[in-house]
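One structure is given below, encoded as structure tokens.
The values are calculated or read from the model by the stated rules, or taken from the named source; none is laboratory data. Computed from a predicted structure; not experimentally measured. Counting neighbours? That spans all protein chains shown, and the Cβs are built from the backbone with ideal geometry, glycine included.
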Amino acid sequence: MAVKIVTENRKARHEYHILETFEAGLVLTGTEVKSLRAGKANLQDSYARVDNGELMLYNMHISPYEQGNRFNLEPKRIRKLLMHKQEIMRLLGKTREKGLALIPLKVYFKNGLAKVDLALAKGKKLYDRRDDAAERDAKREIDRAVKERFKTY
């Protein structure tokens, strides 16, 4: 099973508590697929939402394909995501809870098909982000001290 990651939303794990992840198919046109294969996509500020029983991805930027001419579409158009109806309804119920959102974590190709990793996430407060940063720094210091301790000359 060949998986080629196209783009990741690195800020998502910094700004949100990830509660659960899901895999969804991504509906694209030909030039968008070619542009994705070239790695020209951006997930910054993108999110997913259930509209009329369908899962939609907003604000994902896919740069126009250079040789696409008239076949290129709007870079930030709304794209449909493919999941089973029961999963979509479950996500609809979850996102109606206060503070929960659907955030795309990464876009990748799996067996030739474009997929999106969606996360059910809750926004972090400023103090949560500071705690995470302090925890990372402390772990880094501990690792550095252990490495120094066992260093052989």
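State the number of residues belonging to region 103-112 that are farther than 12 Å from GLU23 by Cα and either surrounded by 15 or more Cβ atoms within 10 Å (Cβ to Cβ) or aliphatic (A, V, I, L, M) (or both).
Here the count works out to 0.
Can you find a residue that is part of a strand (DSSP E or B), in contact (Cβ under 8 Å) with a residue 60 or more places away in the chain and in contact with a Phe, Trp or Tyr (Cβ under 7 Å, 6 or more places away or on another chain) anywhere in region 105-116?
Yes.
Please specify each residue of region 27-76 satisfying the condition of being among the charged types (D, E, K, R), without any contact (Cβ under 8 Å) to a residue 40 or more places away in the chain and more than 14 Å from PRO104 (Cα to Cα).
LYS34, LYS40, ASP51, GLU54, GLU66, ARG70, GLU74, LYS76
Filter the helices (runs of 4 or more DSSP H) completely within region 1-104 down to those with at least 2 residues that are under 16 Å from LEU118 (Cβ atoms) and either at pLDDT below 85 or touching a strand residue (DSSP E or B) at 6+ places or on another chain (Cβ under 9 Å) (or both).
10-15, 85-95
Kindly evaluate TYR65 against the criterion of being surrounded by 14 or more Cβ atoms within 10 Å (Cβ to Cβ), within 28 Å of LEU126 (Cβ to Cβ) and not acidic (Asp, Glu).
No, not satisfied.
Does LEU126 meet the test of being surrounded by 10 or more Cβ atoms within 10 Å (Cβ to Cβ) and under 21 Å from LEU19 (Cβ atoms)?
no
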